[in-house]
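Quick notes on the structure that follows.
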Amino acid sequence: MNAIGMFGLGVMGANLALNMANQGEKVAVYNYTSDLTDAFQEKHPHENITAYYELADFIQSLEKPRKIFLMVTAGTVVDSVIESLVPLLDQGDIIMDGGNSNFQDSNRRYHDLKEKGFHFIGVGVSGGEEGALNGPALMPSGDKAAYQHVAPILEKIAAQVDGKPCCSYLGKEGAGHYVKMVHNGIEYADMQLITEAYQFLRERLGLDVHEIAAIFTEWNKGELESYLMEITADILTRVDEETNQPMVDVILDKSEQKGTGKWTSQNALDMGVPLTIVTESVFMRFLSNVKEERMTAEKELAGPDSLLEQADKDEWIELVRQALFMGKISTYAQGFYQYKQASEQYGWDLQLDDIALIFRGGCIIRAGILNEISSAFQADKTLSNLFLSPYFKTILNTYQNAMRKVVIKGMETGLALPCFNASLVYYDGYRSGKSGANLIQAQRDYFGAHTLERIDKEGHVHIEW
Ligand SMILES: NC(=O)C1=CN([C@@H]2O[C@H](COP(=O)(O)OP(=O)(O)OC[C@H]3O[C@@H](n4cnc5c(N)ncnc54)[C@H](OP(=O)(O)O)[C@@H]3O)[C@@H](O)[C@H]2O)C=CC1
Ligand SMILES: O=C(CO)[C@H](O)[C@H](O)COP(=O)(O)O
């Protein structure tokens, strides 16, 4: 009998199946069309893997309770696959979905399957092709008792950091896919922040790609240590063999997306959470796509004349490093604040320190900063915003000066730095004991008699303007 079944042999499914098999598990594999199954068998023959061409045979080969891991295109495909599986299952069998599914779909699937006597475990998976094979970060959720059946396999195939698996039970329903969704939002913001640092260094300080690659490699040894920093340095060293140009210069500047960053921002709006940095990064992807309009506007619309002249390069490089780290801290502060709000609003009891531990290995946003984030939430379980933890507060109190200088210089010289700017705006807004919202309340009450609260009395009142 096989310990687990992998449904879907695309990029991720194939590599996860191999990972499971390499860890000594007997794995049954199945794909909707036979072409991928044939290709998989030919490319990756493995003593622990058996391929099946009939769905019923695939299901019958599994130990009970059956554990089936779906790694298929997110959306309606997951529903149609579940529909095809259900008649073949027994009560208590477990379906896991490892795709980038919308957490609301996972909530629905969890309850639908529970009603029918089956278990649904949504598993956020991060790490791409390489991570899937050698150790991804896994974010599982669903019934805790059902999770215990799959935990030995999931925790074995996950990345391991300091002897701990980057996988732990996160909560009920689709909490795991929720955590993955916000992870991807943070991923978008992280990428945009690095891009803004790169643009500043290249277009305002006049550094070439190789100099910037060397700077990023150096930064990657300190506070900014992260997978995205590392791969960006690597990307910048690559030369296109056809043109002999830096590879980055021959890539069209229109960025695509599959939608998880947008979902994160949509959910932040639904919950009333200020997720400004991720949202700016989503908007910048949209703006990048109107390439032709941007090319026209470049000729039509005026900007400032000034470039950064006679700059002290070393001083500016350090300012950009500090600004980038502040942007990163702010992104995580907003993302983890969103987790905290979601946990309360959806009743999931998310453990923020555990989430940070999961992200330390295997996933795209893995970074040194996650140890400090985990420690901050471990030290104070009620911490509402990372900005107020002793470690991050000390850094922000210093680095905010650098961020101001970089943002101002970007504005003066006409370089859009939306995520750097959003980070500073959030910082200044958050540290303002007095906001301008009293005037907004007055305006609302003036034109619409919406009522307002006074600082000196209880309750809502309307003022006769
Ligand atoms: N690539 C990545 O880096 C990551 C991807 N993910 C997520 O993992 C999931 C899979 O991604 P990935 O492996 O990259 O995708 P691929 O495109 O490589 O594979 C898609 C899989 O879905 C199957 N599929 C598509 N349509 C159907 C259908 N109608 N019925 C049954 N099966 C179907 C395909 O089978 P067939 O050949 O028969 O069409 C194939 O096995 C997605 O949700 C993705 O967002 C998560 C983390 C990282
Ligand atoms: O889930 C992932 C990693 O964690 C994918 O790489 C991510 O979905 C890529 O997103 P997009 O295509 O929207 O940039």
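The values are calculated or read from the model by the stated rules, or taken from the named source; none is laboratory data. Note that the coordinates shown come from a computational prediction; the quantities given were computed from them, not determined experimentally. All Cβ positions, even for glycine, are placed from backbone atoms using ideal geometry, and neighbour counts span all protein chains on display.
Would you please name the residue that is farthest from ligand 2 (Cβ to nearest atom), looking only at residues in segment 72-89 that are small (Gly, Ala, Ser) and not in a helix (DSSP H, G or I)? Steps first, please.
The initial filter retains those residues of segment 72-89 that are small (Gly, Ala, Ser), namely 74-75, 80, 84.
Filter once more, keeping what is not in a helix (DSSP H, G or I): 74-75.
Values: 74: 9, 75: 13 Å.
If we take residues in segment 72-89 being small (Gly, Ala, Ser) and not in a helix (DSSP H, G or I), then 75 is farthest from ligand 2 (Cβ to nearest atom).
Do we have residue 210 as surrounded by fewer than 16 Cβ atoms within 10 Å (Cβ to Cβ), at negative phi and either within 16 Å of ligand 2 (Cβ to nearest atom) or part of a helix (DSSP H, G or I) (or both) here?
On the way: surrounded by fewer than 16 Cβ atoms within 10 Å (Cβ to Cβ): yes; at negative phi: yes; either within 16 Å of ligand 2 (Cβ to nearest atom) or part of a helix (DSSP H, G or I) (or both): yes.
Yes, satisfied.
State which residue pairs qualify: first residue in the same structural domain as residue 364 (by TED's automatic domain parsing) and inside segment 179-195, second residue away from ligand 2 (no atom under 11 Å from the Cβ) and hydroxyl-bearing (Ser, Thr, Tyr) in any location, beta carbons under 6 Å apart, and separation of 6 or more residues or different chains.
From residues that are in the same structural domain as residue 364 (by TED's automatic domain parsing), the pairs are 186/331; 189/331; 194/232.
Among the residues of segment 124-143, is any in contact (Cβ under 8 Å) with a residue 12 or more places away in the chain, more than 16 Å from ligand 1 (Cβ to nearest atom) and more than 15 Å from residue 17 (Cβ to Cβ)?
Yes, segment 124-143 has at least one match.
Applying the selection to segment 372-402, what residues are of a type in the set (S, T, N, Q) and out of contact with any Asp or Glu (no Cβ under 9 Å at 6 or more places or on another chain)?
We begin by selecting, within segment 372-402, every residue of a type in the set (S, T, N, Q); these are 374-375, 378, 382, 384-385, 389, 394, 397-398, 400-401.
If the condition is that a residue be of a type in the set (S, T, N, Q) and out of contact with any Asp or Glu (no Cβ under 9 Å at 6 or more places or on another chain), then 382, 384, 385, 394, 397, 398, 401 are the ones that fit.
Only residues that are within 16 Å of ligand 1 (Cβ to nearest atom) and among the basic types (Lys, Arg): list them for segment 98-114, please.
Answer for segment 98-114, where residues must be within 16 Å of ligand 1 (Cβ to nearest atom) and among the basic types (Lys, Arg): just 109.
Go through segment 90-187 and tell me which strands (runs of 3 or more DSSP E), entirely inside it, have 2 or more residues that are on the phi < 0 side of the Ramachandran plot and under 18 Å from the mean Cα position of the chain (by Cα).
Details: elements: 94-97, 119-126, 137-141.
In segment 90-187, the matching strands (runs of 3 or more DSSP E) lie at 119-126, 137-141.
Give the residue, chosen from 446, 391, 430, that is over 23 Å from residue 332 (Cα atoms) and either surrounded by fewer than 19 Cβ atoms within 10 Å (Cβ to Cβ) or not small (Gly, Ala, Ser) (or both).
Details: 391 fails: over 23 Å from residue 332 (Cα atoms); 430 fails: over 23 Å from residue 332 (Cα atoms).
The conditions single out 446.
Quick check on segment 378-390. Is at least one of its residues modelled with pLDDT of 95 or more, of a type in the set (Ser, Thr, Tyr), closer than 23 Å to residue 189 by Cα and outside any helix (DSSP H, G or I)?
Checking segment 378-390: at least one residue is modelled with pLDDT of 95 or more, of a type in the set (Ser, Thr, Tyr), closer than 23 Å to residue 189 by Cα and outside any helix (DSSP H, G or I).
Residues in segment 394-421 that are under 21 Å from the mean Cα position of the chain (by Cα) and surrounded by fewer than 17 Cβ atoms within 10 Å (Cβ to Cβ): how many?
Initially, segment 394-421 is screened for residues under 21 Å from the mean Cα position of the chain (by Cα), giving 417-421.
If we keep only those that are surrounded by fewer than 17 Cβ atoms within 10 Å (Cβ to Cβ) too, we end up with none.
Qualifying residue count, segment 394-421: 0.
Name every residue in segment 154-209 that is away from ligand 1 (no atom under 14 Å from the Cβ) and among the basic types (Lys, Arg), in order of residue number.
The answer is 156, 164, 172, 202, 204.
Of 113, 70, 62, 16, which residue is in contact with a Pro (Cβ under 9 Å, 6 or more places away or on another chain) and not acidic (Asp, Glu)?
Testing whether each residue is in contact with a Pro (Cβ under 9 Å, 6 or more places away or on another chain) and not acidic (Asp, Glu) leaves just 16.
For the structure I just gave you, tell me whether residue 93 is surrounded by 15 or more Cβ atoms within 10 Å (Cβ to Cβ), touching a residue at least 40 places away in the same chain (Cβ under 8 Å) and acidic (Asp, Glu). Spell out how you get there, then give the answer.
Details: surrounded by 15 or more Cβ atoms within 10 Å (Cβ to Cβ): yes; touching a residue at least 40 places away in the same chain (Cβ under 8 Å): no; acidic (Asp, Glu): yes.
So residue 93 fails the test.
Return the residue satisfying two criteria in turn: it lies in segment 246-277 and is under 24 Å from residue 236 (Cβ atoms) and of a type in the set (A, V, I, L, M), and of such residues it is surrounded by the most Cβ atoms within 10 Å (Cβ to Cβ).
Initial filter on segment 246-277 (under 24 Å from residue 236 (Cβ atoms)): 246-257, 261, 277.
Okay, now just the ones that are also of a type in the set (A, V, I, L, M), so 247-248, 250-252, 277.
On the way: 247: 15, 248: 19, 250: 12, 251: 11, 252: 7, 277: 30.
Among residues in segment 246-277 that are under 24 Å from residue 236 (Cβ atoms) and of a type in the set (A, V, I, L, M), the one surrounded by the most Cβ atoms within 10 Å (Cβ to Cβ) is 277.
Which of the residues that make up segment 322-358 are of a type in the set (A, V, I, L, M) and either at pLDDT below 95 or part of a helix (DSSP H, G or I) (or both)?
Here is the first cut: in segment 322-358, the residues of a type in the set (A, V, I, L, M) are 323-324, 326, 329, 333, 342, 350, 352, 355-358.
323, 324, 326, 329, 333, 342, 352, 355, 356, 357, 358 - these are the residues of segment 322-358 that are of a type in the set (A, V, I, L, M) and either at pLDDT below 95 or part of a helix (DSSP H, G or I) (or both).
Surrounded by 11 or more Cβ atoms within 10 Å (Cβ to Cβ), in contact with a helix residue (DSSP H, G or I) (Cβ under 6 Å, 6 or more places away or on another chain) and of a type in the set (A, V, I, L, M, F, W, C): is that true of residue 282 in this structure? Give the derivation first.
Details: surrounded by 11 or more Cβ atoms within 10 Å (Cβ to Cβ): yes; in contact with a helix residue (DSSP H, G or I) (Cβ under 6 Å, 6 or more places away or on another chain): yes; of a type in the set (A, V, I, L, M, F, W, C): yes.
The answer is yes for residue 282.
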